[in-house]
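Please read the structure below before turning to the comments.
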Amino acid sequence: NVGIRRRMKRFFRRDGRALIFAMDHGFEHGPTDFEEHWEHVNPRIIIKKVMRAGIDGVMMLPGLARIAGNDVKPDRGLMIKLTSKTNLRPKDDQLLQSQLGYVEDAVKLGADAIAATVYWGSPQEDAMMRQFAEIASYAHDLGFPVVQFAYPRGPYINEKYGKKEDYRVVMYGARAAVESGADMIKTYWTGSRETFAKVVDAAAGVPVLLSGGAKTDNPVDFLKLVWDVIEAGGAGAVVGRNIFQREDPEPFIKALLRVVHRNEDPEEAAKA
Ligand code: FBP
């Protein structure tokens, strides 16, 4: 499918890697996530900064894309995510992401890729699988790549493996993403290069991107994590809090780009 391949290139450079900025936190975690650096609650301000720093793409929900989609330069990838949940819903419903927009909306907003989350192992896995299948089928028909946020989460996982970051669980989620039709996968860090390399293998050639996670106090620690992902064969990272919760995200993004695209040593990249 030529459309899918062309649009994938909006995110990935010739080295097959990408650094993507994530900004769905105002919905998924609530605006408190921006309190560390409140100015960044304004999508137009932070998007302009990440663009200037040279980021490869941006991920947003449809409503923010209406406000700030135009600030994403036309040569960078715009990923629009069609599922989410608020942190306000009852605990028992936290393992479900609901659909808040449609493929047509994303296309009208200029998306280059459509994203949706599946919580593999959730009691509501069935509903999310169907939701993903519907979104993926339609997006593929129209020539759009589909990104799966393949997040294993659920009581059985905790009981059987202890934690959702166990590599056996993460690679299962990545494989399930591939087998359900994903063109890109976003998932958790497994704790080591060796185990993350297995996740990459399980993804059978579909690019695997790291899901950033909570901001590290020391910026170099996050650069090291992304370096490990790259060395393990990962295709890059989708990063939110580690960017917008920093007071001055631009030099940090530039350092991240050097790690992702030039395999630069994190300590060196941080100094440059
Ligand atoms: P971060 O880099 O801030 O972790 O962003 C990635 C992301 O997947 C966001 O898209 C999403 O809002 C958040 O993490 C979800 O985190 P969690 O489900 O772990 O609370």
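The numbers here are math on the coordinates, done by the rules we state, and not lab data. The structure displayed is predicted, hence computed values, not measured ones. Note: ideal-geometry Cβ built from the backbone for every residue, glycine included; neighbour counts use all protein chains shown.
Each DSSP beta bridge with both residues in the chain is either parallel or antiparallel, and the antiparallel ones are about 5%. Each Lys or Arg adds one and each Asp or Glu takes one away; over the other residues whose Cβ falls under 14 Å from the Cβ of SER137, this sums to -3. The magnitude of the dipole of the range 27-127, with charges of +1 and -1 set on the Cβ of Lys/Arg and Asp/Glu and taken from the Cα centre, is near 400 debye.
Put simply, when 169-178, 36-45 are sorted by average Cβ atoms within 10 angstrom per residue, most first, you get 169-178, 36-45.
Between GLU179 and LYS271, the FRET efficiency from the beta-carbon distance, with R0 = 51 Å, is close to 0.75. DSSP beta bridges fully contained in the range 1-102 are about 20 percent antiparallel.
Share of antiparallel DSSP beta bridges in the range 80-223, in percent to the nearest 5? DSSP beta bridges in the range 80-223 are roughly 15 percent antiparallel. Each peptide among 65-76, 144-155, 14-25 gets the average number of other Cβ atoms lying within 10 Å of its residues, and from highest to lowest they stand as 144-155, 14-25, 65-76. Using a simple spin-label model with pseudo-atoms 7 Å out from Cα toward Cβ, LYS160 and TYR138 lie 3.2 nm apart.
Other residues with beta-carbon under 15 Å from the beta-carbon of ALA106 carry, at +1 per Lys or Arg and -1 per Asp or Glu, a net charge of -2. ARG262 sits among other residues whose Cβ lies under 12 Å from its own Cβ, and their net charge, with Lys and Arg +1 and Asp and Glu -1, is 0. Counting only Cβ charges, +1 for Lys and Arg and -1 for Asp and Glu, the dipole size of the chain around its Cα centre is about 620 debye.
Among LYS81/LYS186; LYS186/LYS215; LYS81/LYS108; LYS91/LYS186, which pairs are too far apart, with a Cα-Cα distance over 20 Å? Pairs exceeding 20 Å: LYS91/LYS186. With θ taken as phi - 60° and the Karplus curve 6.51 cos²θ - 1.76 cosθ + 1.60 applied, the whole-hertz 3J(HN,Hα) list for the range 168-175 is 5, 6, 5, 6, 5, x, 5, 5 Hz, x standing for glycine and proline.
Does the range 118-195 come out rounded, prolate or oblate, given a ≥ b ≥ c as the square roots of the eigenvalues of its C-alpha gyration tensor, rounded meaning a/c under 1.5 and, failing that, prolate meaning a/b above b/c? The shape class here is oblate.
Rounded to the nearest 500, the 222 nm mean residue ellipticity of the chain from helices alone is -12500 deg cm²/dmol, with -39,500 (n - 2.57) taken per DSSP H run of at least 4 residues. The residue list LEU61, VAL107, GLN97 was ranked by how far each Cα lies along the charge dipole of the range 48-137 toward its positive end, using unit charges on Cβ atoms, and LEU61 comes out on top. The alpha-carbon of LYS224 sits under 14 angstrom from the alpha-carbons of these aspartates and glutamates, leaving out residues fewer than 8 places away in its chain: GLU264, ASP265, GLU267, GLU268.
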